[in-house]
Amino acid sequence: MTQNRLRHSFPKSVRIVNSDDFGRLLRSEQPGVIRLGRDSVSVCALAHRQTGRVRFGFTVGKRNVPLSVDRALVKRVMREVARHALPDLQAQCRDLGIGVDVSLRFRSPLRTTAEMVTLSCAKDSVRRSAQLCVQALRKRLPSAAQAVFGAER
């Protein structure tokens, strides 16, 4: 494997696949929870004490994206954004002494019947929204770290 592929890999250890983990993340009200949304993507993140451990989960509902092909496309684009953001996010978490579980959720209809958008426009829109969410998350991580450490003292 080349160095570039290793840098941008997305192994199973950084994925949230367990339903219980998703539920814990989405329903949590404890200190260190970050909830925000940008355009068509929302993010829910939970900071924890496992230093440098970052995991991502992705949710795309049938109500917003009825075709399974399109749901897979949206997840693939969000996974690409997460994969590229992962090294920087892990480094920031290590510096702060925390870990974080992140759920990215697509929350608006991808295509409407009145206005069919091209596939590349839809991908660009999803990518831009997911990138904005990850950037906003990185800005809020220091306050989440303070909340985690303040709650456990």
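See the values below:
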quantity	calculated
Matching entry among VAL134, VAL148, VAL126 (being within 20 Å of SER28 (Cβ to Cβ) and either at pLDDT 90 or above or within 11 Å of the chain's Cα centre (by Cα) (or both))	VAL134
The range 89-120: number of residues that are part of a loop (DSSP other than H, G, I, E, B), at pLDDT 85 or above and not basic (Lys, Arg)	4
Residue ranges of strands (runs of 3 or more DSSP E) in the range 14-62 with at least 1 members of a type in the set (Lys, Arg) and touching a helix residue (DSSP H, G or I) at 6+ places or on another chain (Cβ under 6 Å)	33-38, 54-60
Sole residue being in a helix (DSSP H, G or I), of a type in the set (A, V, I, L, M, F, W, C) and touching an Asp or Glu at 6+ places or on another chain (Cβ under 8 Å), chosen from LEU132, LEU137	LEU132
Selection within the range 32-67 - farther than 17 Å from ALA82 by Cα and at pLDDT 95 or above	none
The range 19-63 - residue that is in contact (Cβ under 8 Å) with a residue 60 or more places away in the chain and touching a Pro at 6+ places or on another chain (Cβ under 9 Å) and, of those, surrounded by the fewest Cβ atoms within 10 Å (Cβ to Cβ)	SER40
The range 65-75: number of residues that are assigned to a loop (DSSP other than H, G, I, E, B) and buried (at least 18 other Cβ atoms within 10 Å of the Cβ)	1
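Conditions (1) among the hydroxyl-bearing types (Ser, Thr, Tyr); (2) under 24 Å from SER9 (Cα atoms), marked per residue:
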position	(1), (2)
HIS48	no, yes
ARG55	no, yes
LYS75	no, yes
MET78	no, yes
LEU96	no, yes
LEU104	no, yes
LEU110	no, no
LEU119	no, no
SER125	yes, yes
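The values are calculated or read from the model by the stated rules, or taken from the named source; none is laboratory data. Please read all numbers here as calculations on a predicted model, not as lab measurements. So basically every Cβ, Gly included, is an ideal-geometry build from the backbone, and we count neighbours across all protein chains shown.
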